[in-house]
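The values are calculated or read from the model by the stated rules, or taken from the named source; none is laboratory data. All figures in this text were calculated on a predicted structure; none of them were measured in a lab. Neighbour counts run over all protein chains shown; Cβ positions are idealised from the backbone, glycine included. Heavy atoms of the whole protein, side chains included, go into the accessibility calculation; ligands, DNA and RNA do not. Shrake-Rupley method; radii C 1.70, N 1.55, O 1.52, S 1.80 Å.
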Amino acid sequence: MSVSRELVLKELGMAPVWRLRQQPATLAPAEPAEAGNADRRSRILQMDWTQLKESVANCTACDLHKTRTQGVVGVGDEHAEWLIIGEAPGADEDAQGEPFVGQAGKLLDAMLAAIGLKRGDNVYIANVLKSRPPGNRNPAPEEVAACMPYLERQIQLIRPKIILALGRFAVQSLLNTEETIGRLRGRVHHYQGIPLIVTYHPAYLLRNLPDKEKAWEDLCLAREAMKHDKA
Ligand code: URA
């Protein structure tokens, strides 16, 4: 699909929201907080989708379970070629049980539409953290460490052709770096052999409109990386 820059920038502000409801999670035994980290990680890395969803729903591995409404696993096509990874659920996501349903989610949907994609259709959306940090504060390192095995397992199960990492926390957690988005964007990275494109978080773009143009370049790079992968 060839899309003009003007059309895309217009679309970034105008595309309609597209939502997919998540299935309610069923009950499963809680993850004991005291379990050894390595044991816990290796158990998570053997889970199927049902077990993973149940485990997230009952997870007590960090204190976020005390304040969250529910765990937010992810949404979309579990065999998607495109995997979009954000930071953590906010208030809307915590209430609805689905990633990116607030204002940042509207912009994300517009960004996806700009490259001919839509939520749930060959696209899966997840976050690094499955539980909302209170007051939308930044994720703490121990929360990221506790939650990463879930994301690792999601990536193994989905086996996406490309990962789009949104914002500092997703990028730094996946690439194991402290570099800034500004220094990392513009080239193709890899996570476990999967091409990974770095871009700004939609919530940041809502506050920094001029950087939408850079995000558009990043989306084009992602689309090119996909074409290259398919060639
Ligand atoms: N910001 C994120 O990083 N993820 C969401 O699900 C919502 C807002």
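Numbers for the structure displayed
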quantity	calculated
Candidates Leu117, Leu175, filtered to the one that is open to solvent by 20 Å² or more (accessible area, probe 1.4 Å), closer than 22 Å to Met226 by Cβ, under 16 Å from the mean Cα position of the chain (by Cα) and without any contact (Cβ under 8 Å) to a residue 24 or more places away in the chain	Leu175
Contacts under 6 angstrom Cβ, first residue in segment 92-109 being within 10 Å of the ligand (Cβ to nearest atom), partner assigned to a loop (DSSP other than H, G, I, E, B) and aliphatic (A, V, I, L, M), 6 or more apart	Asp92/Val101; Glu93/Val72; Glu93/Val101; Pro99/Val72
Where a residue in segment 34-54 is acidic (Asp, Glu) and its partner, wherever it lies, is open to solvent by less than 90 Å² (accessible area, probe 1.4 Å), with Cβ under 8 Å and at least six apart	Asp48/Leu157; Glu54/Ala25; Glu54/Thr26; Glu54/Ala28
Count - residues of segment 37-58 that are more than 17 Å from Val128 (Cβ to Cβ), open to solvent by 80 Å² or more (accessible area, probe 1.4 Å) and part of a helix (DSSP H, G or I)	4
Considering residues of segment 133-171 that are under 14 Å from Arg40 (Cα atoms) and within 13 Å of the ligand (Cβ to nearest atom) only, the residue surrounded by the fewest Cβ atoms within 10 Å (Cβ to Cβ)	Leu151
Filtered residues of segment 188-226 (kept if open to solvent by 20 Å² or more (accessible area, probe 1.4 Å) and in a strand (DSSP E or B))	His189, His190, Tyr191, Ile194
Search result, residues across segment 68-107 that are among the aliphatic types (A, V, I, L, M), in contact with a Ser or Thr (Cβ under 9 Å, 6 or more places away or on another chain) and crowded, with 22+ Cβ neighbours inside 10 Å	Val72, Ile85, Ala88
